[in-house]
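Chemist: Take a look at the following structure, please.
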Amino acid sequence: MTARAAIASLCIAIAAPALPAAGQGVPDVEAGVSLFWVSHYDGYDSSYRERIVAADDDWAIYQLFVDDELSEGDDVGPDDFYALFSGIDYRDCAEDEMPDEAERGRLAALFPLTEGSVMEDTTFTGGPVIRVGAQEDFFLMGETVSANKVVFDYPDDQEEYVDEAVYVLSDKPYTVAMDWDEGGKDRVMLIAQSDETQEAPSPDMLGNCAALLN
């Protein structure tokens, strides 16, 4: 999560598409879906976009866009991608170890999210206990949907880490908000499927995340 917090320090505006038609709802987690974020971090307001480039039952690989030009040329690499497991567990494609099937199964078993659910055995950096909090109303794309607060509770002996919280849709594995200990907050404003045909990234571009495609 600490690496992901660095995204919030970017101060670059992204143009978003028109809102989906009324009643269209949140799309399923699949390639081509983009999440448009607004961020308040360290006194700055900014925005950024993440696009799903590959997905399966319990994971999705996202590509980060900090402006309309990034990640479309020859400079794309593992640092531009991350994997998200069951909408909760973030792994950087350049540096992080991917969870094995057993750990992924425990994450997937948290859905549908229920208050009080706990996952203790994780290879997530810092070894936090993952705790699912109460269901809350979350305003997204003109509608009120349900999301659960998910807390990463780090052990007392991991002094370099602080507890962090994300908000995950209760019935679809999308992270839609993040709270940072510095008082910053990121929030999804739009989730939309693109009509554009996108070329899938090569395994070399995906780094450690490429193993998920096998």
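Chemist: Check SER117: other-chain or 5+ apart residues with amide H under 5 Å from its amide H, H built from backbone geometry?
Modeler: The list, which skips near neighbours in sequence, is VAL132.
Chemist: Suppose the chain between GLU199 and GLN158 were pulled fully straight at 0.36 nm per residue; how much longer would it get relative to their current alpha carbon spacing?
Modeler: Residue separation times 0.36 nm, minus the Cα-Cα distance, leaves 10.7 nm.
Chemist: Along the charge dipole of the stretch 70-122, Cβ charges K/R +1 and D/E -1, which of LEU110, CYS93, PHE81 sits furthest on the positive end?
Modeler: About the Cα centre, the residue reaching furthest to the positive side is LEU110.
Chemist: Still on this structure: Let me check I've understood the local charge: for VAL53, count other residues with C-beta under 11 angstrom from its C-beta, Lys and Arg +1, Asp and Glu -1. What total comes out?
Modeler: Neighbourhood net charge equals -3.
Chemist: Let's test this: bin the Cα-Cα distances of the stretch 125-214 at 5 Å from zero up to the farthest pair and state each bin's percent.
Modeler: The distribution over the stretch 125-214 is 3, 11, 15, 15, 16, 18, 14, 7, 1, 0, given as percents.
Chemist: So which GluC sites (Glu not before Pro) in the stretch 118-214 end up in coil per DSSP with only 10 or fewer other C-beta atoms within 10 Å?
Modeler: In loop regions of the stretch 118-214 (DSSP not H, G, I, E or B), the sparsely surrounded GluC sites (Glu not before Pro) are GLU159, GLU160, GLU196, GLU199.
Chemist: Now for a separate question. What FRET efficiency comes out for ASP100 versus ASP45 if R0 is 45 angstrom and r is the Cβ-Cβ distance? Round to the nearest 0.05.
Modeler: Step by step, r from the Cβ atoms, then E = 0.70.
Coordinate-derived values only; no laboratory data. This one's a predicted model, so the numbers in the text were calculated from it and none came from an experiment. Using ideal geometry, Cβ is built from the backbone for each residue, glycine included, and neighbour counts are taken over all protein chains shown.
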